[in-house]
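Reading through the structure tokens given below for one structure.
The values are calculated or read from the model by the stated rules, or taken from the named source; none is laboratory data. The structure presented is a predicted model; accordingly, all values stated were derived computationally and were not measured. Methodologically, a virtual Cβ is constructed for each residue, glycine included, from the backbone with ideal geometry; neighbour enumeration extends over all protein chains shown.
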Amino acid sequence: MLSPRRVRDAYRWLLSACLLVWAAGLTGCRDATPLPPGPWPVANTRTHTASGPVRVVVTVGMVADMVQAIGGSHVEVDVLCGPGVDPHLFKPTRDHVARLLSSDAVIFAGLHLEGKLHNLLLRLSNQHPVYAVARGLPADRLLGADDQADSEGVVTDLESIAYGQVDPHVWMDVELWAAATEGVAQFLSAYDPAHARQYAENAAAYRAELLELHAEGRALMSQLPPHRRLLVTSHDAFRYFGRAYGLQVEGVQGLSTESEAGLQRINSLVDLLVERQLPAVFIESSISAKNMQALLEGVQSRGQRTTLGGELYADALGPVDSSASHYRGMMRHNFQTIARALGAKTQ
Ligand SMILES: [Zn+2]
């Protein structure tokens, strides 16, 4: 006879297995169910009926910061990708899928940042309130990947957004990220109309705080000597940052961390660093520093001293006990680290 504990374990195993089969159905490439038209989740029609806060599962810390600020005490936020976790490569486990399913609502960044979760989230939206933060952004401010963009990097073919041809690192421009607050407040209000006013007020306050941070970042970056306004980082997460704060940005890896940097790319970057006599390059918290070491060795062999200027936070927040444990602290850390290493006048 099975002990109650064995029965409980068996039951748990069965439940997890069912969840996995269900999730595989959502993500499986042979599944014939078409995705909803366009890149966005289906509009939410359910409302909050349970007592207590709305339990929101979010994918990344940057989204968590916004949802917590807007939702205040009316939401309880659960983050899937913790500090240092790369959302491009994040694969949900049984536990993650269970958390998604048992939530009241799900909010993710969108634009295929969550590459391996994207289809699952879109399909989940057929039966669950799901929202992509990027939904609230003006399309003409999005940067396209390679051939999907015009000469200024702006996406001309909106259809391409649906297929992941847009740079997803939109939070790197604080003003642009601030533009997404209204959509999140509206989504929360649609699900929990009883607190709509509070959500709108909180969103306005958060937006104002972000705009202040944006101005702070611009002021700091404008202190850099013009020839040093060159940011070399591990992967192409800083293109929005470069546009917003006036820096040329070069990533060692491609847009996604799934592609390896080629030797050719490293060599052309070595040329650029030597030509500009750049004092520092940067690594990112969620990306391996391997390629950056190759770059630094290349520069050194040409007789120039370029050092690691520090670690920047690109796709994930800093550790819980650090000042970068929330979005505003993370961006402030980036501004200050770059300013210090590249020699801003006020540093
Ligand atoms: Zn990234």
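Modelled with pLDDT under 90 and either away from the ligand (no atom under 16 Å from the Cβ) or aliphatic (A, V, I, L, M) (or both): which single residue out of 85, 97 fits that description? 85 is the lone residue from the list that is modelled with pLDDT under 90 and either away from the ligand (no atom under 16 Å from the Cβ) or aliphatic (A, V, I, L, M) (or both).
The rows are residues; the columns are (1) of a type in the set (D, E, K, R); (2) buried (at least 21 other Cβ atoms within 10 Å of the Cβ).
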{"residue": "62", "(1), (2)": "no, yes"}
{"residue": "65", "(1), (2)": "yes, yes"}
{"residue": "82", "(1), (2)": "no, no"}
{"residue": "89", "(1), (2)": "no, no"}
{"residue": "93", "(1), (2)": "no, no"}
{"residue": "107", "(1), (2)": "no, yes"}
{"residue": "129", "(1), (2)": "no, yes"}
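Can you spot a residue in segment 273-280 that is within 16 Å of the ligand (Cβ to nearest atom), outside the structural domain of residue 170 (by TED's automatic domain parsing), assigned to a helix (DSSP H, G or I) and modelled with pLDDT of 85 or more? No, segment 273-280 contains no residue that is within 16 Å of the ligand (Cβ to nearest atom), outside the structural domain of residue 170 (by TED's automatic domain parsing), assigned to a helix (DSSP H, G or I) and modelled with pLDDT of 85 or more. Within segment 283-330, restricting attention to residues that are within 16 Å of the ligand (Cβ to nearest atom) and charged (D, E, K, R), the residue that is surrounded by the fewest Cβ atoms within 10 Å (Cβ to Cβ) is 311. Counting the residues of segment 195-242 that are within 16 Å of the ligand (Cβ to nearest atom) and part of a helix (DSSP H, G or I) gives 4.
For the condition at pLDDT 95 or above and either charged (D, E, K, R) or not in a helix (DSSP H, G or I) (or both), residue 159 does not qualify.
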